[in-house]
Amino acid sequence: MPSTPLSRRSFLALSAMLPRAFTVRASTSIPVGLELYSLRETLKKDPEATLRAVAQMGYEGVEFYAPYFDWTESQIKQTRKLLDDLDIRCFSTHNDGSHLSPENIDRTRDMNLILGSQYVVLASAGQKTSLTEWRSVADMLNIAAEKLEPAGLKAGYHNHQLEFTPVGGQRPIEILAKHTKPSIMLQLDVGTCLEAGSDPVAWVRANPGRIRSIHCKDWSPDAGKGYTVLFGEGAADWKNIFAAAEGTGGIEYYLVEQEGSRFSELETARRCLQSFRAKHAG
């Protein structure tokens, strides 16, 4: 495992924050994981203890974000062993555009295979100002998919506000959906979709079978709140989002993500999972 090794003291400190009721994962037909960007500061301090805490909370998997690419092969293998020992999975990874370049795609593929990942997701395309530039992003994803798919991996794309903000009368996300292979996942970030003024339910229904994972991040239009609200406290219509995702979206796994809240990172992740379970069961 990269960075600081696990200490018994640090693990016990993290574990103490987790209520006993959430030390056993719930069994659901569609698993729920955590995008580890939600615990970015905690992860830097003690990654092994952090993953143990995530598993103890009840999360069934994780999504690693871009810094994983700098790990050594040995660190990747240690991380996979820890995931197996904890009985949680790496559902996917978030990647910079450079990770999908011809120079790096082989390394990205091999690292994801070791982790047991299913999807290699482009986390952001960066600032684009024309539909032509967005079309080039679609081409890049198609090329990456051709390299990944023979190994059993699939490519994906994760939206922010920019993709739902019209350029030349068209939303860039529509360009990506139209010009990428159907095998390429369109990972929906609910919060940024809402902030951009789009309807996540309508988007899911318009793209059957392609919304195979969702970042369950809420957002509030109230002044000063934005993304600091916990799951279920914002404007997202989770009941209908779940219904669309499971009815036509092709959802394979959910991911809780949080940019920050009034609570600590670990407490935020715990509370969001608790609320997710309640709303998804409701």
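Pairs with C-alpha atoms separated by more than 28 Å, drawn from the list Lys44/Lys178; Lys81/Lys154; Lys44/Lys147; Lys45/Lys217; Lys77/Lys178; Lys128/Lys239, are Lys44/Lys178; Lys44/Lys147; Lys77/Lys178; Lys128/Lys239. In terms of surrounding Cβ atoms within a 10 Å radius of their Cβ, Asp189, Asp237 rank from fewest to most as Asp237, Asp189. The stretch between Ala235 and Phe263, if pulled fully straight at 0.36 nm per residue, gains 8.1 nm over its current Cα-Cα span. By other beta-carbon atoms within 10 Å, ranking Leu34, Leu86 with the fewest at the front produces Leu86, Leu34. Counted by neighbouring Cβ atoms within 10 Å, the residues Cys193, Cys216 run from fewest to most as Cys193, Cys216.
Measuring max minus min along each principal axis, the C-alpha atoms of region 193-282 give extents of 36, 26, 20 Å (largest first). Rg then Dmax, both in Å and based on the Cα atoms of region 64-217: 15.6, 50.
Set the Cα radius of gyration of the chain against 2.2 N^0.38 Å, with N its number of residues, and you get 0.97. Just round it to a whole percent: the fraction of Cα-Cα distances in region 130-224 exceeding 19 Å. Cα-Cα pairs of region 130-224 separated by over 19 Å account for 41 percent. Taken as Cα centroids, region 159-238 and region 67-122 sit 25 Å apart, rounded to the nearest whole angstrom. Sorting 94-107, 113-126 by average packing, meaning the other beta carbons within 10 Å per residue, from highest down gives 113-126, 94-107. Summarising the strand pairing of region 29-281, around 5 percent of its internal DSSP beta bridges are antiparallel. The helix-only estimate of mean residue ellipticity at 222 nm for the chain, built from DSSP H runs of length n ≥ 4 each weighted as -39500 (n - 2.57), is -12000 deg cm²/dmol after division by the residue total. Using Cβ point charges alone (K and R +1, D and E -1), the dipole size of the chain about the Cα centre works out to roughly 560 debye. Can you tell which of Ala244, Trp71, Leu113 lies farthest toward the positive end of the dipole of region 29-281, using +1 and -1 charges on the Cβ of basic and acidic side chains (Lys, Arg; Asp, Glu)? Looking along the dipole axis, the top candidate is Ala244.
Since every read-out is calculated from the coordinates, none of them should be taken as a lab result. Worth saying up front: this structure is predicted, and the values here are computed from it rather than measured. When we count neighbours, we look across all protein chains shown, and the Cβ atoms used for this are built from the backbone with ideal geometry, even at glycine.
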